[in-house]
Amino acid sequence: MVFGAALLLVATVLMFVYERASVVLAIIATALLTLPGIFLALWLTRTELDLSSMMGLTMVIGIVTEVAVFFFAEVDTRSEVTPGDLRHAAHMRLRPILMTSTIAILALSPLALGLGTGSAMQRPLAITIIAGLVVAVPLVLLVMPLLFLRFDSWKRPTKLTPAGDSA
């Protein structure tokens, strides 16, 4: 329920900020697409889905949303957005997104590796967030723009020509 509430709250805030459903849908879909990667990482590390890892899942929603907002900050979503605009945004935000994600991954690595006193308790949280970041970066830079274009194309009405006109 907490995960669902987090998604709903994030979607609500994004709708107020962007006032464009295609942006909100692309960001939420991208956040949800990180889940298989997270579950795979938990399975590969033989880490149970416990309270700590479920807290990490909720945190990943916020982190992916933040990275996605960072991406869309480079795009003027109030007007028509072209694939070229999205390529430019990906190019301009690649380095900052990689840097912030890498720093977060490195900072959480000691916990994920179980180094230090008491780190075993926070290990599932760290693994979940690291996996979420590893999966989120390519999703935000490559998949999210494609999702946005797809969702954005749904709202465009098709132009109808009168029956007698030949185009």
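Residue by residue, the range 130-142 carries 3J(HN,Hα) couplings of 4, 4, x, 5, 4, 6, 5, 4, x, 5, 5, 7, 10 Hz when phi is fed to the Karplus relation 6.51 cos²θ - 1.76 cosθ + 1.60 (θ = phi - 60°); x denotes Gly or Pro. Approximating the spin labels as points 7 Å out from Cα along Cα→Cβ, the LEU142-to-TRP154 distance works out to 2.4 nm.
Scan around THR45 for amide H atoms under 5 Å from its own, H built in the peptide plane at 1.01 Å from N, and keep only partners 5 or more places away or cross-chain. Residues meeting the amide H criterion: none. Using 0.36 nm per residue and subtracting the Cα-Cα separation, the extra length available between LEU51 and PHE16 on full extension is 9.5 nm.
Largest mean-square fluctuation among THR47, THR30, THR117, in a Gaussian network model of the chain whose springs join Cα atoms under 10 Å apart, belongs to THR117.
With only Cα atoms counted, the range 17-107 has Rg and Dmax values of 15.2, 47 Å. A simple rule links phi to the HN-Hα coupling: the Karplus curve 6.51 cos²θ - 1.76 cosθ + 1.60 with θ = phi - 60°, which for the range 39-49 gives 5, 5, 4, 5, 5, 5, 8, 6, 9, 6, 7 Hz, with x for Gly and Pro. Each residue of the range 29-35 was assigned a 3J(HN,Hα) from its phi angle through the Karplus expression (A = 6.51, B = -1.76, C = 1.60, θ = phi - 60°), giving 4, 5, 4, 5, 5, 6, 4 Hz with x at Gly and Pro. When the chain is treated as a GNM with alpha-carbon contacts under 10 Å, the residue of ARG123, ARG46, ARG150 showing the greatest mean-square fluctuation is ARG46.
For the chain, with a Gaussian network of springs between Cα atoms less than 10 Å apart, report the residue from GLU80, GLU66, GLU48 with the top mean-square fluctuation. Per the Cα network of the chain with a 10 Å cutoff, GLU80 tops the list.
Laboratory data are not the source of any read-out in this text; all were calculated from the coordinates shown. This one's a predicted model, so the numbers in the text were calculated from it and none came from an experiment. Cβ coordinates were reconstructed from backbone atoms using ideal geometry, including for glycine residues, and neighbour counts include every protein chain displayed.
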